[in-house]
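First the structure, in the form of structure tokens, and then the observations on it.
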Amino acid sequence: MLGIFPRVLNLIVRKPMPDNGRSFFDSNVIIYSLSRTGDKSIRAKDLVQTGGIISVQVLNEVANISARKLSKTWPEINTALELIRSFCQVVPLTVKTHDTGRYIAERYKLSVYDAMIVAAAFLADCDILYSEDMQNGMLINNKLTIVNPFQTAAIS
């Protein structure tokens, strides 16, 4: 699945458009953007090329999935992570992210890890969080909308 070099190098060569500060990508979107084939790969690549924001947690999850599930080597993983950081703005995990995430987990009944992704997107002042794993269309604090980019309605 993770054909890191061809896909990521293609993203870099095309130079992403400047980030509008409005879109946040969950780790699953980043993973799909790095894969070689499939409709999800194409859709994820199209989104990521427009620029966006990720958190350190997304980088950690991509590294973990790449190592454990996709059996990539550390040199491959390190290269992919460096390239991801070159086209996405990375926001840190902070105590404020943690506190906001706990509030979101309780209020919206999300897992702690999903809530931390949502909190990072919310604190980065994003309007859209692209994720395959959370409820499509969920509105967080009347500001942040979770969008599954792989559902037919999201693609249109």
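Listed values for segment 95-102 are Karplus-derived 3J(HN,Hα) couplings in whole Hz (6.51 cos²θ - 1.76 cosθ + 1.60, θ = phi - 60°), namely 5, 4, 4, 4, 5, 5, x, 5, and x replaces Gly and Pro. Proximity of backbone amide H atoms, modeled 1.01 Å from N, is registered between residue 35 and 3 at under 5 Å, excluding neighbours fewer than 5 places apart on the same chain.
Using DSSP to define loop residues, name the trypsin sites (Lys or Arg not before Pro) in segment 30-90 whose beta-carbon has at most 15 other beta-carbon atoms within 10 Å.
Working: sites: 36, 40, 43, 45, 68, 69, 72, 85; in loops: 36, 69, 72.
Passing both the DSSP loop test and the Cβ count: 36, 69.
Count the DSSP beta bridges whose two residues both fall in segment 21-148, then state the antiparallel fraction as a percent rounded to the nearest 5.
Values: 2 of 12 bridges.
Given both bridge residues lie in segment 21-148, the antiparallel proportion sits at roughly 15 percent.
For a straight C-alpha distance cut-off of 17 angstrom, the aspartates and glutamates reachable from residue 40 (same-chain residues fewer than eight places away being disregarded) are 26, 132, 133.
Just so you know, all these numbers are worked out from the coordinates, no wet-lab data involved. Treat the numbers as computed from the prediction; the structure is a model and nothing was measured. Quick reminder, even Gly has a Cβ in these numbers, built from the backbone with ideal geometry, and neighbours come from all protein chains shown.
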